[in-house]
Amino acid sequence: MRDALDATPYDALLLLSFGGPEGPDDVVPFLENVTRGRGIPKERLKEVGQHYFLFGGVSPINDQNRALLDALRKDFAEHGLGLPIYWGNRNWAPYLTDTLREMVADGHRRILVLATSAYASYSGCRQYRENLADSLAALEAEGVELPRIDKLRHYFNHEGFLEPMVEGVLRSLADLPEDVRDGAHLAFSTHSIPNASADTSGPAEGHGDGDGGAYVKQHLEVSRLIAEAVRERTGVEHPWQLVYQSRSGAPHIPWLEPDICDHLEERHASGAPAVVIAPIGFVSDHMEVLYDLDTEARAKAEELGLPMRRSATVGADPRFAAAVRDLVLERSAAERGQEVTPCALGALGASHHLCPVGCCPSRAPHPAAAGADSPYA
């Protein structure tokens, strides 16, 4: 981590997340926000909302973000980094536009954004940038003086993001019965996306190779790094595979596979004595983790008689908060024209600071802020 605690030219940090309902009455309005423009009937949204209703209509993501805010503010204060931190969501209160309006009213003009997605993809990066552009357009229409906004780079291979997941896998392995522990397989899980979206994830020069683009490459690298760290610390080499969950959309459209439940069936059929599922694609335990892994995948494992443990997400781990501080200082130094050595483990290196033109494109052209193609300088 860096010693020089100078965040200039930035004067605030925005935690930007997905948002989630906080009670039964919020579920359908929240899903309407998520699916706006797709013409999905309200009755269908009520069906989809059953996952939330199983948990009292409350997504854990908002409480997770509050905990992360507390961890970030504590870390910054303890290290003398006087950068105020705000929180805004794409799909639920506190809404992004309202938060940006508040930040401008508080006098902030150079804002860094931390998105709660560590990897390159349309939904994990560019869509957040499009949301930022929409909010800036709304503020511009109100006559508000617009701030300059930059987004922190992808942090999938930062040590402070990886280390909590390594320890989570080690704890899950230790929790398995001793007679199946050493033979346990590791299933590294992330959100499935359409193959076409995966193939165009990341910068344009990597598109069209048919191997899942930057999205799959980055997840495979994280899986490999965690599996190697587990081997180094236990002396046991566990078989591992990248798997997917939370598929949605039309069944005729190809999405990334294998699905986690299909994978559990395959592992059981092949004689695997146990499985540890590590949700590496998620910063915190939001609904896809609670339902698709802790409910559906756990039920499948129990049906098969396959011992299964689910390791923890990074959440508000102090090491992740320290990693965010490091990313802020890294980007700040780069903006000041200083040479920086980014923290990036493994073979892929550090991601770009500024998303290039054509990176993670949307299906329909839409303005996106905080990138080389931003209409807002």
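Here are the numbers for this structure:
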quantity	calculated
Given 13 as the ceiling on other Cβ atoms within 10 Å, longest exposed-site-free region of the chain for trypsin sites (Lys or Arg not before Pro) in DSSP loops	39-335
Under-5 Å amide H pairs with N89, H placed in peptide plane, nonlocal only	S17, Y95, L96
Inverse of mean 1/r across different Cα pairs in region 252-322, Kirkwood, Å	13.3
Length-normalised contact order for the chain - Cα pairs under 8 Å, 6+ apart - percent	24
Derived scalar couplings ³J(HN,Hα) [region 232-249; Karplus, 6.51 cos²θ - 1.76 cosθ + 1.60; whole Hz; x for Gly, Pro]	5, 8, 10, x, 10, 9, 8, x, 9, 8, 7, 10, 10, 8, 6, 4, 9, x
Probe 1.4 Å, all protein chains present, accessible-area order of H238, H268, largest first	H268, H238
Phi to ³J(HN,Hα) by Karplus 6.51 cos²θ - 1.76 cosθ + 1.60 over region 297-303, Hz, x for Gly, Pro	5, 5, 5, 5, 5, 5, 4
Amide H partners (placed H, <5 Å) of W240, local residues excluded	L186
20 Å binning of all Cα-Cα separations within the chain, expressed as whole percents from 0 upward	28, 60, 12, 0
Volume per residue of the C-alpha convex hull in region 43-173, rounded to whole Å³	167
Accessible area, probe 1.4 Å, largest first, for residues F18, F76	F18, F76
For I277, distant residues with modelled amide H under 5 Å away	A187, R309, R310, S311
Two-decimal ratio, region 1-86, of alpha-carbon radius of gyration to 2.2 N^0.38 Å	1.52
Hz values of 3J(HN,Hα) by residue in region 96-105 - Karplus curve (6.51, -1.76, 1.60), Gly and Pro given as x	4, 4, 5, 5, 5, 4, 5, 5, 5, 4
Heavy atoms of T234 accessible to a 1.4 Å probe, total area in Å² rounded to 10	60
Proximal aspartates and glutamates relative to K217, as straight alpha-carbon distance under 12 Å, when same-chain residues fewer than 8 apart are discounted	D199, D209
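The values are calculated or read from the model by the stated rules, or taken from the named source; none is laboratory data. All of these numbers come straight from a predicted model, not from anything done at the bench. When we count neighbours, we look across all protein chains shown, and the Cβ atoms used for this are built from the backbone with ideal geometry, even at glycine. When the accessible area is computed, the model is the full protein with side chains, heavy atoms only, and any ligands, DNA or RNA have been set aside. Shrake-Rupley method; radii C 1.70, N 1.55, O 1.52, S 1.80 Å.
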